[in-house]
Amino acid sequence: MENECCPKFDPKPWEDHEFNWEEKLFVKDHMRCILHIPLNFGGIMTRQLKVMEAAGACPEAADFLVMTGNDTLWGADVYLAATKDVPGEKMVRLSGTFYSRVYEGPFSRIGKWIADYKAALQGMEKPVKELFFYYTTCPKCAKKWGKNYVVIIGRLK
């Protein structure tokens with residue numbers, strides 16, 4: 001992934017999609033935030049990509065998945081999809097039924113997106129256990145492709 005950047009994101013497979021993950025493997029890290037604004041996200045990505053590449057654990061670019069979760073005013077967990085365990089890194093496996101919905105626009109709309117997402121699930125009578133946010137491209141590629149997609153992924157109860 002060193003010489004390439006984010007592939008163009010196709011939102012169709014993620015839009016209003018229910019799916020199962022069985023032991024989906026991620027490297028888990030934590031970023032610092034001030035009022036939800038990330039402070040060290042770029043550093044985490046640089047470090048983790050280097051470690052993952054050295055371990056041969058990076059998925060193909062089209063399958064690469066970066067999510068955040070457990071978001072607070074002061075920090076958030078970062079999940080990077082991996083193809084195998086990375087020595088010395090915290091690894092987590094996610095299992096269960098998940099539901100995804102795609103949003104496009106500036107991150108300042110995330111509160112509205114969350115409200116819309118929860119209303120959609122409530123309408124389907126599907127309670128959500130926890131939310132993850134899949135950032136489909138880096139800021140540079142969002143400008144290049146002209147779209148800033150975010151996929152909200154909820155683990156259902």
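May I ask you to list the residues in segment 79-121 that are among the small types (Gly, Ala, Ser) and either outside any loop (DSSP other than H, G, I, E, B) or out of contact with any Leu (no Cβ under 7 Å at 6 or more places or on another chain) (or both)?
Hits for segment 79-121 are Ala81, Gly88, Ser95, Gly96, Ser100, Gly105, Ser108, Gly111, Ala115, Ala119, Ala120.
Picking from Glu104, Glu89, which residue would you name as being touching a helix residue (DSSP H, G or I) at 6+ places or on another chain (Cβ under 7 Å) and at pLDDT 95 or above?
One residue alone meets the criteria, Glu89.
I need a count of the residues in segment 29-43 that are over 17 Å from Phe107 (Cβ atoms) and assigned to a helix (DSSP H, G or I).
1
Among Met45, Met67, which is the only one that is modelled with pLDDT under 95 and either within 27 Å of Tyr99 (Cβ to Cβ) or small (Gly, Ala, Ser) (or both)?
None of the other options fit; the residue is Met45.
Report yes if Lys144 is assigned to a helix (DSSP H, G or I), modelled with pLDDT of 95 or more and either out of contact with any Lys or Arg (no Cβ under 8 Å at 6 or more places or on another chain) or surrounded by fewer than 18 Cβ atoms within 10 Å (Cβ to Cβ) (or both), otherwise no.
No, not satisfied.
Suppose we keep only residues that are charged (D, E, K, R) and out of contact with any strand residue (DSSP E or B) (no Cβ under 6 Å at 6 or more places or on another chain) within segment 70-110. Which one would you say is nearest to Lys126 (Cα to Cα)?
Here the residue is Asp71.
Return the total of residues in segment 145-157 being free of Cβ contacts under 8 Å to residues at least 40 places away in the same chain and closer than 26 Å to Gly42 by Cα.
Number of matching residues: 1.
Would you pick out the residues in segment 79-99 that are surrounded by fewer than 18 Cβ atoms within 10 Å (Cβ to Cβ) and more than 29 Å from Leu35 (Cα to Cα)?
Within segment 79-99, Thr83, Lys84, Asp85, Pro87, Gly88, Ser95, Gly96, Thr97 meet the criteria.
Specify the residue that is farthest from the chain's Cα centre (by Cα); the eligible residues are those in segment 3-47 that are within 20 Å of Gly88 (Cβ to Cβ) and of a type in the set (D, E, K, R).
Here the residue is Arg47.
Can you pull out the residues in segment 115-157 that are of a type in the set (Val, Ile, Thr), within 18 Å of Trp21 (Cα to Cα) and in contact with a helix residue (DSSP H, G or I) (Cβ under 7 Å, 6 or more places away or on another chain)?
If the condition is that a residue be of a type in the set (Val, Ile, Thr), within 18 Å of Trp21 (Cα to Cα) and in contact with a helix residue (DSSP H, G or I) (Cβ under 7 Å, 6 or more places away or on another chain), then Val128, Val151, Ile152 are the ones that fit.
Please work out if Ile110 is over 19 Å from Tyr149 (Cβ atoms) and either surrounded by 12 or more Cβ atoms within 10 Å (Cβ to Cβ) or not basic (Lys, Arg) (or both).
no
Taking segment 52-78 as the region of interest, how many residues are surrounded by fewer than 17 Cβ atoms within 10 Å (Cβ to Cβ), in a helix (DSSP H, G or I) and hydrophobic (A, V, I, L, M, F, W, C)?
Residues that pass the stated criteria total 3.
Of the numbered conditions (1) in contact (Cβ under 8 Å) with a residue 40 or more places away in the chain; (2) over 26 Å from Leu35 (Cα atoms), Pro127 satisfies every one except a single condition; which is it?
Evaluating Pro127 over (1) in contact (Cβ under 8 Å) with a residue 40 or more places away in the chain; (2) over 26 Å from Leu35 (Cα atoms) leaves (1) as the failure.
The values are calculated or read from the model by the stated rules, or taken from the named source; none is laboratory data. Every value quoted in this text rests on a predicted model; they were computed, and no experiment measured them. Backbone-built Cβ (ideal geometry, glycine too); neighbour counts: all protein chains shown.
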